[in-house]
Amino acid sequence: MMKPVFLIGYMGCGKTTLGEVLARQMGLRFIDLDGFIEARQGMTIIKIFDEMGENRFRELEVDALEEVAAISDVIVSCGGGTPCHGDNMAIMNAAGITVWLTTSPERITARLLLPEQKCKRPKINTLPPDEVLPLVERELRDRALFYSQSRLQFDSTDIETAEATERTARRLAAILKQEN
């Protein structure tokens, strides 16, 4: 039995992309925390933000986090802001292994500006493209204090193709097997 693994980091760093492949390779369940919240609420994260506000979303997020923290044999992809609110880092570190996925602000911005990504991100879906990189850089600086509390830091730059994602997931799986 393996403790839960929490993938944290800024939006667009690859938590879901890498997490799905990692879970499949390791024979574990994959949970996207935002998807988990959406399923429970019957609405998208954008709609939750619009109708209930960020504070209510953060309350729902803590409830969901505490619920998935009690599950073993799972890879959990957390929202980019999850570690930065309340005692979320303490909850994750107490329950399992936290992994901060890192890549450059420029790579994150390029991923976020893909049309299929930009439309589902409440924070950037209305921003002009030239304002995304400054936002990413500022928020990465602001969030580093929280992200740096993770047990592991892992470079998620090389996940641009399916083959590269498979390779990167194998590297992370080997590290996680040593940690658990």
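The values are calculated or read from the model by the stated rules, or taken from the named source; none is laboratory data. Keep in mind it's a predicted model, so treat the numbers as computed, not measured. No Cβ is skipped: glycine too gets one built from the backbone with ideal geometry, and neighbour counts run over all protein chains shown. The protein model used for the area step is the full one, side chains on, heavy atoms only, and it has no ligands, DNA or RNA in it. Shrake-Rupley method; radii C 1.70, N 1.55, O 1.52, S 1.80 Å.
List of remarks:
- For residue 53, the test of being under 19 Å from residue 124 (Cβ atoms), touching a Pro at 6+ places or on another chain (Cβ under 9 Å) and of a type in the set (Gly, Ala, Ser) is failed.
- Residue in segment 34-45 that is aliphatic (A, V, I, L, M) and within 29 Å of residue 158 (Cα to Cα) present: yes
- Residue among 93, 88 that is touching a Lys or Arg at 6+ places or on another chain (Cβ under 7 Å) and of a type outside the set (D, E, K, R): 93
- Any hit, segment 31-43, residues being outside any helix (DSSP H, G or I) and in contact with a strand residue (DSSP E or B) (Cβ under 8 Å, 6 or more places away or on another chain): yes
- Segment 26-47 residues that are open to solvent by 30 Å² or more (accessible area, probe 1.4 Å), paired with ones that are hydroxyl-bearing (Ser, Thr, Tyr) (beta carbon under 7 Å, 6 or more apart): 32/16; 32/77; 38/44
- Scope segment 61-80; condition modelled with pLDDT under 95 and hydroxyl-bearing (Ser, Thr, Tyr); matching residues: 72
- If you filter segment 1-11 down to residues that are of a type outside the set (Lys, Arg) and closer than 20 Å to residue 94 by Cα, you find that the one that is most open to solvent (accessible area, probe 1.4 Å) is 1.
- Members of segment 150-180 found to be farther than 20 Å from residue 78 by Cα and of a type in the set (A, V, I, L, M, F, W, C), listed by number: 162, 164, 174
- Of all residues making up segment 160-174, the number that are in contact with a strand residue (DSSP E or B) (Cβ under 9 Å, 6 or more places away or on another chain) and closer than 17 Å to residue 108 by Cα: 1
- Test: residue in segment 12-19 that is in contact (Cβ under 8 Å) with a residue 24 or more places away in the chain and open to solvent by 40 Å² or more (accessible area, probe 1.4 Å): yes
- Among the criteria (1) closer than 16 Å to residue 18 by Cβ; (2) free of Cβ contacts under 8 Å to residues at least 60 places away in the same chain, the one residue 141 does not fulfil is (1).
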